[in-house]
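The values are calculated or read from the model by the stated rules, or taken from the named source; none is laboratory data. Since the structure is predicted, the reported quantities are computational estimates derived from the model, not experimental observations. Heads up, the Cβs are rebuilt from the backbone with ideal geometry, glycines too, and the neighbour counts pull from every protein chain shown. Accessible surface is based on the protein model in full, side chains and every heavy atom, while ligands, DNA and RNA are left aside. Shrake-Rupley method; radii C 1.70, N 1.55, O 1.52, S 1.80 Å.
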Amino acid sequence: MLFATNLEAEKIGIMPGMSLADARDILPNLNVKSANPNADRMVLKKIRSLCERYSPWTSIDYLKNKKETEKNEFLPATRDSNGAGIWIDVTGCTHLFGGEEKMLADMVERIKRLGFSAHAAIAETKGAAWALSHYGKMNTEGWIRAKPGGLSNLLNPLPISALCLTPSTTRKLHILGLRTIGNLLSLPRASLTARYGEIIVRQLDSTLGKVSEPISSTRYEQPLFARISFTEPIGNLKDIKAALEKLLITLCHRMVEKLVGARRLIFTLYRIDGTVGKSLVNTAYPTRNVVDLARLFNHRLDDIDPGFGIEEITLFIEKSDNLDSFQIETNEFNSIQDFTSLINRLINRFGSERVLQPQFLASHLPERTGVLCPFTKENSPNATPKINITRPVRLLSPPEEIETITMITAIDITPPAVFRWRKVLHQIIRTEGPERIASEWWRQEHPITRDYFRVENRKGQRFWIFRKTDDKTVTPRWYIHGLFS
Amino acid sequence: MEDLCAHIARIERAGKSTGMRISTPQVLNTNYENPKSYLANAKLINGELHEVTIPVPADVGAATGFCLSLLSHLLQNHNGIAIWCQQNNIIDAGEIYPPALMEWKIMPGQLIILKLQSDKDVLWTMEESLRSQKPTAVIGEVAHANLTVTRRLQIAAYQNNLPALMLRPGWKGTYNSAASKRWRIKTRKSQPRGLAKELNEPGNPNWQAELYRCRGGEPGTWRMEWKNETNNLTLASPTLNRSGVPHQTKVT
């Protein structure tokens, strides 16, 4: 089956959805290549990220493909049955590009430059934009714009497939001789609903904007996004840094107003050849200090390749957290707030899994009682438990088995008098224990019971050793779990 | 009086900044106050790099305890945060176990632990942390160090007036170091008291801390005992284990 065809083929009647035999019948020397949907998707993703220059709110149009896979029917042969699309919500962004027309022309031009053919449409509803971009009559530049109020005039001549209905419904309507949206609109709504269900009327209404598509009631927050485009492409690292700082200043001012701090920042570079470079920075604690944030990027920018030059940069704060205003001069110098810039730098250099802080968990097992977990706001230390028994300063994970020299029987509860750990013999002169530690009863899969001893050797070195009691073997096995100070 | 002390300290520091003095450590006949003036007084260890060598790998626990004792006082006086960098590849001595910190009255939020891959990373972190002036103290465990490295850290510590500690687990040899204080830690037999003695249980941690190099001060060897009950580092009471003078070691 043909997955996609080019314009020349469509002129002589070879359409996507045709079987290869049929196509060969029309044109015997047809040039065929096997389809690679994954690669297509990758390209789409790249184009999508390119479109982020217009608005941060972009997504790939998977809608149509999904419908086709649900209904395993023969694909209607239309010129776009696998045409890929990208949604861009440009609400409030168009003025930055000198109006809607200029923005559309810019979009089409940019994608054309990459070697693709593209159609762009802008309309007040999602459905109408889809219908126009796929079936609308484009102007010479390859875009179409629905003027406010002029939507129904533009939609009337479009075929019914533009309504994004299931193929079976579309076919039924075709049989009845209903070819265009205009035809449908002229029919009484009640009879349409009675025959074909609610779906047609609903699609019509949402496309024409009579029924608003449901939007979640959360108030729309203006994204923390800033961009600079350059009249001349830049390639100098110093210039990029200066521009980035400019963006940071803008965003930090806005963050001060909103009382938030950045947690994740995405810095995007648009090169003139259409490729996009990205750099992502995470912070452990919300920050809105320009100097600190710029320093986080310093390290990253060194390996950015400007290519033939960079024509535009954007900075988007993807994740932010509340950060109340605070006094600079307080007596508590070393509060965590003061620490954020240093921690953020360490995390961005070594990764969050290397910068740790102690945390306590409610468990009896030593390796679960106290753990080291990544240093983030979410993991800030909880209440500390009261521990009255001496615990080792260093914990070996996992516990290491020790070689006991003397014969011990299972009945023996005292630790061995001599043991070998890492090739060194240790002669025990003092012992304390046993302290029986068992895993919680609700952890039934691997119940663990251990008898812990605190032992001291001749030199005074103290170890935390335990015997596995769940072992049913005759000679119990001993392990070392920690070193005392 | 304090100004005067600071002035003297400055002169001594300036005067002895060149060259390294190796001498047989004088064993000080110390009283209870003396080690405190070296250890617990944050003013003295601020702005200096302390190097802690641990010749026997199994003594890492003792050295960790020693460092925590130093930290404990600092953190309680300043209410700050300390940074502890571990290097994974030295010797596997385990990681710091959070419940033990409670014994030193160090809250979990007061310690940030970094587990890094190489000496280079540890040294970078130590220097950056010192220069940022944010932490109260910086501790790093490294496998190798040399004069350049220690001098950098010493300068960073001095300029930012913060204490830095460098742990050298499993290190036996000697090398030139710019650290203003060099310690060597060994474990000693504990001295259980009371019921623990009767039951033959281990007592409080006992260490032999040898200050074998001290810029602007006198080297010495002390036997110390960490008292859990009072959260205090004291000299091991000589009456309990009277083996004449405290243990004497020679600097190689």
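Yes/no per residue for (1) part of a strand (DSSP E or B); (2) modelled with pLDDT under 80:
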{"site": "A:Asp321", "(1), (2)": "yes, no"}
{"site": "A:Phe333", "(1), (2)": "no, yes"}
{"site": "A:Leu346", "(1), (2)": "no, no"}
{"site": "A:Arg349", "(1), (2)": "no, no"}
{"site": "A:Gln357", "(1), (2)": "yes, no"}
{"site": "A:Cys373", "(1), (2)": "yes, no"}
{"site": "A:Asn379", "(1), (2)": "no, yes"}
{"site": "A:Asn388", "(1), (2)": "no, yes"}
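So for the stretch A:271-282 (the condition being among the basic types (Lys, Arg), assigned to a strand (DSSP E or B) and surrounded by fewer than 20 Cβ atoms within 10 Å (Cβ to Cβ)), does at least one residue qualify? Before the answer, list the steps.
First, pick out the residues of the stretch A:271-282 that are among the basic types (Lys, Arg): A:271, A:278.
Those left that are additionally assigned to a strand (DSSP E or B): A:271, A:278.
Cutting the leftovers down to surrounded by fewer than 20 Cβ atoms within 10 Å (Cβ to Cβ) gives us A:271, A:278.
Checked the stretch A:271-282: at least one residue is among the basic types (Lys, Arg), assigned to a strand (DSSP E or B) and surrounded by fewer than 20 Cβ atoms within 10 Å (Cβ to Cβ).
Restricting attention to the stretch A:118-153, the residues being open to solvent by 20 Å² or more (accessible area, probe 1.4 Å), free of Cβ contacts under 8 Å to residues at least 40 places away in the same chain and closer than 17 Å to A:Gly92 by Cα number 5.
Would you point out which residue out of B:Gly140, B:Gly203 is crowded, with 16+ Cβ neighbours inside 10 Å, more than 17 Å from the chain's Cα centre (by Cα) and free of Cβ contacts under 8 Å to residues at least 60 places away in the same chain? Lay out the reasoning, then the answer.
Numbers: B:Gly140 fails: more than 17 Å from the chain's Cα centre (by Cα).
When all the criteria are applied, what remains is B:Gly203.
Checked against the criteria, B:Gly109 does not count as at pLDDT below 90, facing chain A (nearest Cβ under 8 Å) and in contact with a Phe, Trp or Tyr (Cβ under 6 Å, 6 or more places away or on another chain). Would you point out the residue of the stretch B:176-191, among those that are assigned to a loop (DSSP other than H, G, I, E, B) and more than 7 Å from chain A (Cβ to nearest Cβ), that is most open to solvent (accessible area, probe 1.4 Å)? Step by step, filter the stretch B:176-191, then rank; the result is B:Asn176. Residues that are at pLDDT 90 or above and either within 28 Å of A:Gly460 (Cβ to Cβ) or small (Gly, Ala, Ser) (or both) do occur in the stretch B:124-131.
Scanning the stretch B:80-99 for residues that are within 9 Å of another protein chain (Cβ to nearest Cβ), open to solvent by 10 Å² or more (accessible area, probe 1.4 Å) and assigned to a strand (DSSP E or B) yields a single hit, B:Glu95.
Only one of the numbered conditions (1) within 11 Å of another protein chain (Cβ to nearest Cβ); (2) within 30 Å of A:Asp292 (Cα to Cα); (3) open to solvent by less than 10 Å² (accessible area, probe 1.4 Å); (4) more than 15 Å from the chain's Cα centre (by Cα) is not met by B:Ser132, and that is (3).
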